[in-house]
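The block underneath contains the structure these notes are about, expressed in structure tokens.
The values are calculated or read from the model by the stated rules, or taken from the named source; none is laboratory data. Note that the structure is a prediction, hence the values are computed from the model and not measured. Neighbour counts run over all protein chains shown; Cβ positions are idealised from the backbone, glycine included. When the accessible area is computed, the model is the full protein with side chains, heavy atoms only, and any ligands, DNA or RNA have been set aside. Shrake-Rupley method; radii C 1.70, N 1.55, O 1.52, S 1.80 Å.
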Amino acid sequence: MRPGTRTGHAQLLGVGGYRPDKTVTNAEAAARCGVTEAWISSRTGILERRIAGPQETLAAMAISAARAALDRTGVDPADVGCVLVASMSHTRQVPPLAPDVAYRLGATTAVAYDVSVACSGFCYALAQAADHVRSGSTRYALVIGAERMSDITDPADPGTGPLFADGAGAVLIGPADTPGIGPVTWGADGGRDQTITMTSTWAQAQANRAGPPPAVTMDGGRVWSWIRSQVVDAIGRTLSQSGVSFDDVAVFVPHQANGRIIDMLVERLHLPDHVLVARDITHSGNTSAASIPLALDRLYTERRARTGDLALLFGFGAGLAYAGQLVTLP
Amino acid sequence: MSASLAAPEAVIRGVGAHRPLRVVDNPEIAERIGVPAGWIESHTGITQRRHTAGGETLETMAVAAGTNALIAADVPAADVDCLILASQTHLTQTPPLAPLVAHRLGAHAAGVFDLKAACAGFCLGLAAARDQIRAGTSRHVLVIAAEHISPITDPTDRDTAMIFADGAGAVLVTAAEESGVGPVVWGSQGALIDALVSRPGWLDMIADPGLGHSVLVMNGKDLTRWVLRHSPAIVEAALSASGLTLTDLAAFVPHQANMRIIDMLVERLAIPDTVAVARDIAVTGNTSAASIPLALAALLHQGGTKPGDLALLMAYGAGVTYAAQVIAVPAAVRTTGGQP
């Protein structure tokens, strides 16, 4: 059997984002869950977040983000061979989200599938898409993170209501002469998979129609200690296996979980002052799988991203699972 | 930034399967959907299918199939670099299922993700595993396809109740010098997004207590027409990408959607008599993403192929999403649960 021709390397070519029109302030979020504005900002670092309206469906937001990424590159959607969508809020069992997104985007010959691993989904999908490019299975791939967390969040829960938000981000990747996407570091602790979970499964909700709708619930303390130990170690391995240190890194784009978690990572990792830390969470909240490409997108709209900069992306969350990689910014 | 210099190929080292314990025969279904006995077999070629029983869940089936693939391949769980779980029937938004399955297996070093591509999920997972290995990201990838479809099937719906069934299959893919998993030929056609959907969506179901359960609704005619029209080009492309023709094949393992579709495919593709055609659907039903590894396991148990024989896999399903690739058949297979 002939094995097929490898492409070699992969790189990011363009970044795009979509932020819903409606802004929800801390005053509004606080009123819904019985806390104060100051309580929210001090515990989450969030000042406001975006919540999608009825027309801003997951597919619509994913398509807008992908179009924005394509527009920055000049690549025709018809030339995209692979569309991966990372999401934890696609609330229909069948079909997956990606084929509809690819088709309506104009990527009509692309293969399209969903990658579901919660907040680390974008970095998993990026790693897999990069391998599809390197192995020669596709030339251009879109990696999209899209979430309507508001559909699966209870606004009255102070632990999650003010935190989670909606939006979509995307990157286009393609072949390269030199490595533009580094080796992935990934892992999971499935023994703690109930640390972030739903209040009920769909099957349970279906059996008990009078009950409350399923909503995300989490044990913030256990999440914190997992990140502080395992995720911090994994971030260190991401650098060491690529033979670089933070001296070489220009930008750190962690999952925008919570401003306090980002602060803790900066401290634990002894991040040098020159490293630009993405803090899109302040205005976007925690958009799960969409948070890393949205945070990247903000670096471009604020003209703080420089072509060729080395950026460390790192996703972590429900599973508990993590994944991250170094990338060269387009 | 350094990159891996290794340039290995991917090969399937072992196949695992788990068949649920409860056999559901045609008379039981025929009564529910209001058709004469014999009608189901003549229309679908299915004589029985299996549903979960005795505490079997999506998780336990996935763990069993994964365990069996690891045992067959003689690879310790701790050596698995990535676990890909293909399923369309994990009935919750979070957590994903792959982390728990990896934990139960003891695959503590593995990256994990759920892959959602309906009935094409296994072949896409296999392509993902191959590309991870060729790119140097992983050396051992466990691809598990598991489906617990009975909970999202309307037991009285003629289009789906007699077809869909439960089960899990898995393969352990490893790095090797010789290629044992050929280039994938794949794509999606979102214009046919309505051909197979679950209705109502979960949010609608929650919002309106008057709505029934969320179940699969299938327009089988549209799907079948699409598959028959496009499969010759897909198969031709998959074979030529591996430098092969139909006469090089020892086996053809299409998605086990319906025996009549398999018969039509064999005719349309002019599959030679020398090629063993997987017809596991007769006793297993349509297990969506799990159907190809289950059918492959059955073929290996029957001894219809020998190690190194070439088999063409072709999957298609909701989306529409399809994927096809040639594989070298492994020697090792292990099945638990109800025996075929």
Problem set entry | Single residue of B:T335, B:T284, B:T321, B:T305 found to be of a type in the set (V, I, T), open to solvent by 10 Å² or more (accessible area, probe 1.4 Å) and at pLDDT 95 or above | B:T335
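Kindly check whether there is at least one residue in the range A:192-200 that is crowded, with 18+ Cβ neighbours inside 10 Å and basic (K, R). Spell out the reasoning first.
As a first pass, look at the range A:192-200 and keep what is crowded, with 18+ Cβ neighbours inside 10 Å: A:192-193, A:195-198, A:200.
Still in the list and also basic (K, R): A:192.
Yes - at least one qualifying residue is present in the range A:192-200.
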For this session: Hey, can you tell me all the residues within the range B:168-206 that are farther than 25 Å from A:A98 by Cβ and of a type in the set (A, V, I, L, M, F, W, C)?
Result: B:L172, B:A175, B:A176
For this session: Report the residue count in the range A:108-126 for those that are facing another protein chain (nearest Cβ under 7 Å) and assigned to a helix (DSSP H, G or I).
Result: 2
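Which members of the range A:132-166 meet the condition of being among the polar types (S, T, N, Q), in a helix (DSSP H, G or I) and over 18 Å from A:A257 (Cβ atoms)? If you could, list the steps in order and put the result at the bottom.
Taking the range A:132-166 and keeping what is among the polar types (S, T, N, Q), we get A:135, A:137-138, A:150, A:153, A:160.
If we keep only those that are in a helix (DSSP H, G or I) as well, we get A:135, A:150.
Passing the criteria: only A:S135.
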Exercise. B:L223 is checked against (1) within 12 Å of chain A (Cβ to nearest Cβ); (2) open to solvent by 30 Å² or more (accessible area, probe 1.4 Å); (3) part of a helix (DSSP H, G or I) and fails just one. What number does that condition carry?
Worked result: (2)
Problem set entry | Test result for A:R298, at pLDDT below 95 and not acidic (D, E) | no
For this session: Could you list all residues from the range B:293-324 that are in contact with a helix residue (DSSP H, G or I) (Cβ under 6 Å, 6 or more places away or on another chain) and assigned to a strand (DSSP E or B)?
Result: B:L310, B:L313, B:A315, B:Y316, B:G317, B:T321, B:Y322, B:A323, B:A324
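Scan the range B:63-71 and give yes if some residue there is within 9 Å of chain A (Cβ to nearest Cβ) and buried (at least 24 other Cβ atoms within 10 Å of the Cβ), otherwise no. Outline the logic, then answer.
The initial filter retains those residues of the range B:63-71 that are within 9 Å of chain A (Cβ to nearest Cβ), namely none.
No, that holds for no residue.
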Exercise. Just for the range A:154-191: of the residues that are more than 27 Å from A:T238 (Cβ to Cβ) and surrounded by 24 or more Cβ atoms within 10 Å (Cβ to Cβ), which one is nearest to the other protein chains (Cβ to nearest Cβ)?
Worked result: A:D166
Exercise. Looking at A:A52, A:A31, A:A38, A:A62, which one is within 30 Å of A:R134 (Cβ to Cβ), modelled with pLDDT of 95 or more and of a type in the set (G, A, S)?
Worked result: A:A62
For this session: Give B:D74, B:D79 a once-over and let me know the one that is more than 23 Å from A:D131 (Cα to Cα) and more than 9 Å from chain A (Cβ to nearest Cβ).
Result: B:D74
Exercise. How many residues are closer than 26 Å to A:V244 by Cβ and among the hydrophobic types (A, V, I, L, M, F, W, C) when one looks only at the range A:178-201?
Worked result: 4
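Could you list, in sequence order, the residues of the range A:201-222 that are open to solvent by 20 Å² or more (accessible area, probe 1.4 Å) and either without any contact (Cβ under 8 Å) to a residue 12 or more places away in the chain or part of a loop (DSSP other than H, G, I, E, B) (or both)?
Of the residues in the range A:201-222, the ones open to solvent by 20 Å² or more (accessible area, probe 1.4 Å) are A:201, A:203-204, A:207-213, A:217-222.
Residues satisfying the conditions are A:T201, A:A203, A:Q204, A:A207, A:N208, A:R209, A:A210, A:G211, A:P212, A:P213, A:D219, A:G221.
Go through the range B:1-74 and tell me which helices (runs of 4 or more DSSP H), entirely inside it, have 3 or more residues that are over 30 Å from B:K221 (Cβ atoms).
Values: elements: B:26-33, B:39-44, B:58-73.
The qualifying helices (runs of 4 or more DSSP H) are B:58-73.
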For this session: Tally the residues that are assigned to a loop (DSSP other than H, G, I, E, B) and closer than 28 Å to B:M162 by Cα, restricting the search to the range B:226-269.
Result: 5
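Restricting to the range A:62-93, name every residue that is hydroxyl-bearing (S, T, Y) and within 15 Å of the chain's Cα centre (by Cα).
The answer is A:S87, A:S89.
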Problem set entry | Hits in the range A:247-260 (condition: open to solvent by less than 20 Å² (accessible area, probe 1.4 Å) and either more than 15 Å from A:L329 (Cβ to Cβ) or assigned to a strand (DSSP E or B) (or both)) | A:V251, A:F252, A:V253, A:P254, A:H255, A:Q256, A:A257, A:G259
Problem set entry | Residues located in the range B:74-95, provided they are more than 29 Å from B:T321 (Cα to Cα) and small (G, A, S) | B:A77, B:A78
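Select, from B:A250, B:A257, B:A270, B:A238, the only residue that is within 12 Å of another protein chain (Cβ to nearest Cβ) and not hydroxyl-bearing (S, T, Y).
On the way: B:A250 fails: within 12 Å of another protein chain (Cβ to nearest Cβ); B:A257 fails: within 12 Å of another protein chain (Cβ to nearest Cβ); B:A270 fails: within 12 Å of another protein chain (Cβ to nearest Cβ).
Result of the check over B:A250, B:A257, B:A270, B:A238: B:A238.
When the range A:22-38 is examined, which residues are found to be touching a residue at least 24 places away in the same chain (Cβ under 8 Å), farther than 23 Å from A:R303 by Cβ and surrounded by fewer than 22 Cβ atoms within 10 Å (Cβ to Cβ)? First the steps, then the outcome.
Restricting attention to the range A:22-38, the residues satisfying the condition of being touching a residue at least 24 places away in the same chain (Cβ under 8 Å) are A:22-24, A:26, A:29-30, A:32-35.
With farther than 23 Å from A:R303 by Cβ added as a condition, the list becomes A:22, A:24, A:26, A:29-30, A:32-35.
Scanning the range A:22-38 gives A:K22, A:V24, A:N26, A:A30, A:R32, A:C33, A:G34, A:V35.
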